[in-house]
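Structure, as structure tokens:
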Amino acid sequence: MARIAGVNIPANKRVTISLRYIFGIGPAKAQDICDKLGIPDERRVNQLSDDEVLRIREMVDREYRVEGDLRREVAMNIKRLMDLGCYRGLRHRRGLPVRGQRTHTNARTRKGKAVAIAGKKKVTK
């Protein structure tokens, strides 16, 4: 099991898939890393030499903002919006959808479990 950017990436998967376990690296960046280092698509992590793992680790540290730094930057951006008091900041503060989704129905992931309203009766016909 290789450790890159503080994350243990799975050894039995292809390199492009395993790199996605690192926060901030998706399909395009993983493919870009493999292309730049000349690692074939079908190569698996457990087939990599120590030198190749070291080259991947150095490239990720040098060229990409990942894991702790990226999480901190995202959190600071959200905090800045909340401190400004702009619309997006208020939505973050209230725990509601930020990007214009409807809230009359749905939005349960963001709003949390539905709370029953006391005294409201179901109307049957």
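The values are calculated or read from the model by the stated rules, or taken from the named source; none is laboratory data. Predicted model, so just to flag it, every value in this text is computed and none were measured. Every residue, glycine as well, gets a Cβ built from its backbone with ideal geometry; the counts of neighbours run over all protein chains shown. When the accessible area is computed, the model is the full protein with side chains, heavy atoms only, and any ligands, DNA or RNA have been set aside. Shrake-Rupley method; radii C 1.70, N 1.55, O 1.52, S 1.80 Å.
Quick note on segment 1-85: its Rg to Rh ratio, both from C-alpha atoms and Rh being the Kirkwood radius, is 1.08. In a Gaussian network model over the chain where Cα atoms closer than 10 Å are linked, find which of GLY38, GLY68, GLY89 has the largest mean-square fluctuation. Ranking GLY38, GLY68, GLY89 by mean-square fluctuation puts GLY38 first.
Once all protein chains are placed together, ASP83 keeps about 110 Å² accessible to a 1.4 angstrom probe. For ARG99, the shell of other residues with beta-carbons less than 12 Å away shows a net charge of +4, using +1 for Lys and Arg and -1 for Asp and Glu. Ligands, DNA and RNA left out, the accessible area of the chain computed with a 1.4 Å probe is 51% carbon and sulfur.
When you filter the trypsin sites (Lys or Arg not before Pro) in segment 12-120 for DSSP loop state and at most 15 other Cβ atoms inside 10 Å of their Cβ, you are left with LYS13, ARG43, ARG65, ARG99, ARG102, LYS113, LYS120.
Starting from the residue with the highest accessible area, list HIS92, HIS104 in decreasing order, probe 1.4 Å.
HIS104, HIS92
Average accessible surface for the chain: 74 Å² per residue, computed with a 1.4 Å probe over protein heavy atoms with every protein chain in place.
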